[in-house]
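The values are calculated or read from the model by the stated rules, or taken from the named source; none is laboratory data. Keep in mind that this is a model prediction, so the values were computed, not measured. Don't worry about glycine lacking a Cβ; one is built from the backbone with ideal geometry, like all the others, and counts go over all protein chains shown. All accessible areas refer to the heavy atoms of the entire protein, side chains included, with ligands and DNA or RNA removed. Shrake-Rupley method; radii C 1.70, N 1.55, O 1.52, S 1.80 Å.
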Amino acid sequence: MLNKINIAVLVSGGGTNLEALLKAQEKGEIQHGRISLVISSNKNAYALTRAKNHKIKFSSIHKSDTLSQVEFENKILKKLSENNIEMIVLAGFMSILSKAFIEAFDGKIINIHPSLIPSFCGKGYYGLKVHQSALDYGVKLTGATVHFVNETPDGGKIILQKAVKINKRDTAEILQKRVMEKAEWVLLPRACEIVSKEIYKEKINAR
Ligand code: GRF
């Protein structure tokens, strides 16, 4: 038996998706992976408190103006390597990773985005802007997408998607909450299991 795939979750904010992952892990729903590290790019992120509450190792690598992107990423890479991390989940991580970083974990980084990609995604589409854009456009369905990370923001291959209906009286805030509850928190643990299982199988085949 191989050990489970060691997973790090990268966050920057409230961490409700992290919470969904940790609850799924506690319920035994992530069978081939183990979330063993949380890294935040924001030292004040509530996500860090969530990691602490669930007794998961955490670290803050604050993205400040004095740190270049390369230095920031190198610090993260060092932490990942010290903890033998084999897969990365971006869950509200507010930084676009460089080509070099992505190549270091090729096919092993996944991200959650709160729309049905390819709509309302890419550079600048984050937070309430995604939901406000969906409302402004008048789409009747939105949702969430979990995808692999490549060099194009929100551009990698899709792993899972779930649609969520838009109601007439929705505001961006109401819609954001519904998309999280009905789609994001459901999809991310599932995608985590799907991808960690694939990496697990690859490891067995490589032996
Ligand atoms: C989520 O909407 C996620 O889809 C997006 O950023 C938000 C993070 O929320 N990438 P949280 O920190 O998980 O609560």
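Considering only the stretch 1-22, how many residues are within 15 Å of the ligand (Cβ to nearest atom) and in contact with a Lys or Arg (Cβ under 6 Å, 6 or more places away or on another chain)?
Qualifying residue count for the region: 3.
List every residue pair whose Cβ atoms sit under 7 Å apart, with the two residues 6 or more apart in sequence or on different chains, where the first one lies in the stretch 47-73 and is farther than 20 Å from Ser95 by Cα and free of Cβ contacts under 8 Å to residues at least 12 places away in the same chain and the second, anywhere, is surrounded by 14 or more Cβ atoms within 10 Å (Cβ to Cβ) and aromatic (Phe, Trp, Tyr).
Going by the 7 Å Cβ cut-off, the qualifying pairs are Lys52/Phe58.
For Thr16, state whether it is of a type in the set (Val, Ile, Thr), surrounded by fewer than 21 Cβ atoms within 10 Å (Cβ to Cβ) and over 24 Å from Pro153 (Cβ atoms). Steps first, please.
Details: of a type in the set (Val, Ile, Thr): yes; surrounded by fewer than 21 Cβ atoms within 10 Å (Cβ to Cβ): yes; over 24 Å from Pro153 (Cβ atoms): no.
No, not satisfied.
So, of the residues in the stretch 64-94 that are closer than 22 Å to Gly122 by Cα and open to solvent by 90 Å² or more (accessible area, probe 1.4 Å), which turns out to be farthest from the ligand (Cβ to nearest atom)?
Filtering first and then ranking leaves Val70.
Kindly indicate which of Lys108, Lys99 is away from the ligand (no atom under 11 Å from the Cβ) and touching a residue at least 60 places away in the same chain (Cβ under 8 Å).
Numbers: Lys99 fails: touching a residue at least 60 places away in the same chain (Cβ under 8 Å).
Result: Lys108 is the single residue among Lys108, Lys99 that is away from the ligand (no atom under 11 Å from the Cβ) and touching a residue at least 60 places away in the same chain (Cβ under 8 Å).
Suppose we filter the stretch 35-58 for residues that are of a type outside the set (D, E, K, R) and assigned to a helix (DSSP H, G or I); how many remain?
Going through the stretch 35-58, the residues of a type outside the set (D, E, K, R) turn out to be 35-42, 44-49, 51, 53-54, 56, 58.
Now narrow it down to the ones that are assigned to a helix (DSSP H, G or I): 46-49, 51, 53.
Selection size over the stretch 35-58: 6.
Sort out which residues of the stretch 95-114 are at pLDDT 95 or above, at negative phi and not in a helix (DSSP H, G or I), and write them in order of number.
Pass one, the stretch 95-114, residues at pLDDT 95 or above: 97-105, 107-114.
When the remaining residues are screened for being at negative phi, the result is 97-105, 108-114.
The answer is Leu97, Ser98, Phe105, Lys108, Ile109, Ile110, Asn111, Ile112, His113, Pro114.
Could you tell me which residue of the stretch 23-50 is farthest from the ligand (Cβ to nearest atom), considering only residues that are crowded, with 22+ Cβ neighbours inside 10 Å and of a type in the set (Val, Ile, Thr)?
Ile30
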